[in-house]
Amino acid sequence: MTSPAGSYPYRPETPPHPGEILKEQLDEQRVSQADLARRAGLSTKHVNQIVQGVVSLSPDIAVRLERATGVSAETWNQLEAVYQTHQSALEDERKLAGEIGWVGKFPLAFLAQMGVLRDTGQSLANLQRLLSFFGVATPDVAEQAWREYRLAFRRSELVEGDGYSIATWLRVCEVRARNIECEPFSRERLIASIPEMRNLTLQQPALWQVELPRLCASLGVSLVFIPALKNTHLSGVTRWLASDKVMIGLSDRFKTDDTFWFSFFHELAHVLLHGKRLTFLDHGKEPGDDGEVDSSPIFLHGDSKVPGASSESEREADKFAQNSLIPEQKLQKFLSLPAAVTEQAIRTFADDVGVAPSVVVGRLQHEKIVPWSFARKLKTVVRFNSN
């Protein structure tokens, strides 16, 4: 939590015990501890224990001290709260000092690049920043919270990456997405906006990386672009953050605009066609990989190397992405023409359909109509920065 603009919490490095303040009050007023004890209805021993910092100052004692010293009970209670909070923080730091090694499990360079950490050191400060970033109290709590994800990863036989890197990339997506202000989600307006989104394929990345998130936010979709993270093998994620706000996070894993647009419309299909209670993790489309994966409580999707694995949701999402970009009827008409598929023919067809030539190339490669090396110069490089 941050303080409101212009205000700062009172957090001295070594806050005094209320007994120190009480002693200063007694010395200033030239009042003995015994006299204070009589006027406050306390034993001299109890007052001395407060002054020495041996016992805590309870709300009941704070009320008595207000009447005896003129210092408000609220002030005494605040002094006690600040002192006890500081003591608890010191104890927490002592416990965390033995768990600093946990920091080393994370992609520290990536976290520093994203502004989560100030450096890449395995330090207590970075451990505390990591816990705050993930919104958990201790490493044990984090491990327990992620257990369901790990089980899903293992069941899917899909995610071969490092679990800590996966958790990091997903959390960066979520934090960025939650900070984007969106209009309430509207399925009808989202469907109506698909042609406008499709038209953005004709623009350069510098433009659509600005315009597409803006358009999505107006429809209740928080779209974030996060650089690909090594050892995650993830190209996208879809997750509902609230009943009226959904997150789509996309990486630049494959570095080309055709794969980006297919991934975007694939994730959009999950928003429009599938349940709000599931998280969809997109493993992406590797050249030559044709399998898919089954669902799990944390729904993983993408291509799997498991023979016979299938997913109706994945087929639906793939079909939606394909038809949203290039209607099947138009593609088949193009392929039925007697002329051979050439770069010029692709450009002409793309212009007729109203999409970037790279999208056509990617579709033809996926359909194995042309080799993966064909017309790659028609594709545009896509890279996301850390901002």
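The eigenvalues of the Cα gyration tensor, multiplied by 5 and square-rooted, give the chain an equivalent ellipsoid with semi-axes of 61, 21, 17 Å from largest to smallest.
Modelled spin labels at Ser373 and Ala206, positioned 7 Å past Cα toward Cβ, are 3.3 nm from each other.
With a 10 Å Cβ neighbour count serving as the proxy for reagent exposure, in which order, fewest first, do Tyr164, Tyr83 appear?
Working: Tyr164 17, Tyr83 22.
Result, fewest neighbours first: Tyr164, Tyr83.
For Leu131, Leu335, what's the fewest-to-most ordering of other Cβ within 10 Å of each Cβ?
On the way: Leu131 19, Leu335 12.
By the 10 Å Cβ count, ascending: Leu335, Leu131.
Going down the table (Lys230/Lys276; Lys319/Lys377; Lys255/Lys276; Lys330/Lys368; Lys230/Lys379), which pairs top 19 Å between alpha carbons? It would help to have the intermediate numbers written out before the result.
Details: Lys230/Lys276 28 Å; Lys319/Lys377 26 Å; Lys255/Lys276 29 Å; Lys330/Lys368 17 Å; Lys230/Lys379 23 Å.
Flagged as over cut-off: Lys230/Lys276; Lys319/Lys377; Lys255/Lys276; Lys230/Lys379.
Take the Cβ-Cβ distance between Arg118 and Ser218 as r, set R0 to 30 Å, and report the resulting FRET efficiency rounded to the nearest 0.05.
Numbers: r = 35 Å, r/R0 = 1.16.
My answer for the efficiency is 0.30.
Here's the picture: charge each Lys and Arg Cβ at +1 and each Asp and Glu Cβ at -1 in the chain, and of Leu190, Asn387, Ala97 the one pushed furthest to the positive end of that dipole is Asn387. Since only Val51, Phe260, Ala137 are under comparison, the one whose Cα sits farthest along the positive direction of the charge dipole of the chain, derived from C-beta charges on Lys, Arg, Asp and Glu, is Phe260.
Quote the charge dipole size of the range 18-97 about the Cα centre in Debye, to the nearest 20; the model charges only the Cβ of Lys and Arg (+1) and of Asp and Glu (-1).
With Lys and Arg at +1 and Asp and Glu at -1, about 360 debye.
Gln128 to Gln29: extension gain in nm, 0.36 nm per residue of separation minus the Cα-Cα distance? Walk me through the numbers on the way to the answer.
Working: separation 99, 0.36 × 99 = 35.64 nm, distance 4.32 nm.
Answer, rounded to one decimal: 31.3 nm.
With +1 on each Lys and Arg Cβ and -1 on each Asp and Glu Cβ, and nothing else charged, work out how big the dipole of the chain is about its Cα centre, in Debye to the nearest 20. Mind showing how you got there, number by number?
Numbers: 44 positive and 48 negative charges, 42 e Å.
In debye, rounded to 20, the chain gives about 200.
Can you tell me the length gained on complete extension of the stretch Lys230 to Leu96, counting 0.36 nm per residue apart and subtracting the Cα distance? Walk me through the intermediate numbers first.
Numbers: separation 134, 0.36 × 134 = 48.24 nm, distance 2.77 nm.
That works out to 45.5 nm of additional length.
Counting every other Cβ atom within 10 Å of each residue's Cβ, Asp318, Asp27, Asp258, Asp35 order from fewest to most as Asp27, Asp35, Asp318, Asp258.
Once the Cβ-Cβ distance between Gln329 and Ser243 is put in as r, and R0 is 35 Å, what FRET efficiency do you end up with, to the nearest 0.05?
Details: r = 36 Å, r/R0 = 1.03.
Here the calculated transfer efficiency is 0.45.
Among Lys45, Lys95, Lys330, which one shows the highest mean-square fluctuation when the chain is modelled as a Gaussian network with alpha-carbon springs under 10 Å? Maximum fluctuation in the GNM of the chain, among the listed residues, is at Lys45.
Coordinate-derived values only; no laboratory data. These numbers were taken from a predicted model, which means no experiment stands behind them. Because the Cβ atoms are built from the backbone with ideal geometry, glycine has one as well, and the counts that use them run over all protein chains shown.
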